[in-house]
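Peer 1: Structure provided below as structure tokens; questions to follow.
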Amino acid sequence: VQLVESGGGLVQNGGSLRLSCAASGLIFRYYAMGWFRQAPGKEREYVAAINKSGDRNPYADSVKGRFTISRDNAKNTVYLQMNRLKPEDTAVYYCAADYAGSRWYVADDYEYWGQGTLVTVSS
């Protein structure tokens, strides 16, 4: 199984980025997908998740109203559109796959992880 994130980079405060995570080696539509992030010196934290059919997508309070998660089961890809970015959003962003799809916020529930993509928001 491989999850490959892309789309990270350097952006100014208030800017936007779109992250992608391409999955292979698993039946993508059977998995809930999540995005987590880890800032330097901090714990990994939940950002957003989306269920198998794409009609439920809870967000962390810190990104609600600014970030949008979506998925394309035909392309085996999950996306994270990030708008109105802030310096505190700077982190490595990881996508993850969870077969059970019940405890969105729990990183340990996710079976597969990508290698991460760095997002840096300058002030």
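The values are calculated or read from the model by the stated rules, or taken from the named source; none is laboratory data. The model shown is predicted, which means the values in this text are computed figures rather than measured ones. Cβ coordinates were reconstructed from backbone atoms using ideal geometry, including for glycine residues, and neighbour counts include every protein chain displayed. The protein model used for the area step is the full one, side chains on, heavy atoms only, and it has no ligands, DNA or RNA in it. Shrake-Rupley method; radii C 1.70, N 1.55, O 1.52, S 1.80 Å.
Peer 1: Counting only residues 5 or more places away or on other chains, whose amide H sits under 5 Å from the amide H of Thr90 once H atoms are built in the peptide plane?
Peer 2: When sequence neighbours closer than 5 places are left aside, the close amide H contacts are Val121.
Peer 1: Report the residue, chosen from Leu80, Leu17, Leu26, that carries the largest GNM mean-square fluctuation when the chain is represented by alpha-carbon nodes joined by springs under 10 Å.
Peer 2: Checking each option, the largest mean-square fluctuation is seen for Leu26.
Peer 1: Quick one: Karplus J couplings for the stretch 83-92, per residue in order, coefficients 6.51, -1.76, 1.60, θ = phi - 60°, nearest Hz, x for Gly and Pro?
Peer 2: 10, 6, 5, 10, x, 6, 7, 4, 4, 8
Peer 1: Moving on to the next point. Could you name the aspartates and glutamates whose alpha carbon sits less than 15 Å from that of Lys86, not counting residues in the same chain fewer than 8 places away?
Peer 2: Asp61
Peer 1: For the chain, what does the relative contact order come out to in percent, with C-alpha contacts under 8 Å and a separation of six or more?
Peer 2: 36
Peer 1: Still on this structure: Among Phe36, Leu80, Gly25, whose Cα lies farthest out toward the positive end of the dipole of the chain, if unit charges sit on the beta carbon of Lys, Arg (+1) and Asp, Glu (-1)?
Peer 2: Leu80
Peer 1: To the nearest 10 Å², what's Lys64's accessible area with a 1.4 Å probe?
Peer 2: Looks like 120 Å² after rounding.
Peer 1: Skipping prolines and chain starts, which residues have an amide H placed within reach, meaning under 5 Å, of the one on Val63, given they are 5 or more residues away or on another chain?
Peer 2: HN-HN under 5 Å from Val63: empty list.
Peer 1: Let me ask you something else. Eigenvalues of the Cα gyration tensor times 5, then square-rooted: what semi-axes does that give for the chain, in whole angstrom, largest first?
Peer 2: For the chain, the ellipsoid semi-axes come out as 22, 14, 14 Å.
Peer 1: From the backbone phi of the stretch 26-39, what are the Karplus-calculated ³J(HN,Hα) couplings (6.51 cos²θ - 1.76 cosθ + 1.60, θ = phi - 60°) in whole Hz, Gly and Pro given as x?
Peer 2: Computed from phi, the couplings for the stretch 26-39 are 9, 7, 4, 5, 8, 10, 6, 10, x, 10, 10, 9, 9, 8 Hz.
Peer 1: Dipole of the chain, Cα-centred, from +1 at each Lys and Arg C-beta and -1 at each Asp and Glu C-beta, to the nearest 20 debye?
Peer 2: Approximately 340 debye in magnitude.
Peer 1: Let me ask something additional. Which of the GluC sites (Glu not before Pro) found in the stretch 39-123 are loop residues per DSSP with 16 or fewer other Cβ atoms within 10 Å of their Cβ?
Peer 2: Filter output for the stretch 39-123: Glu43, Glu111.
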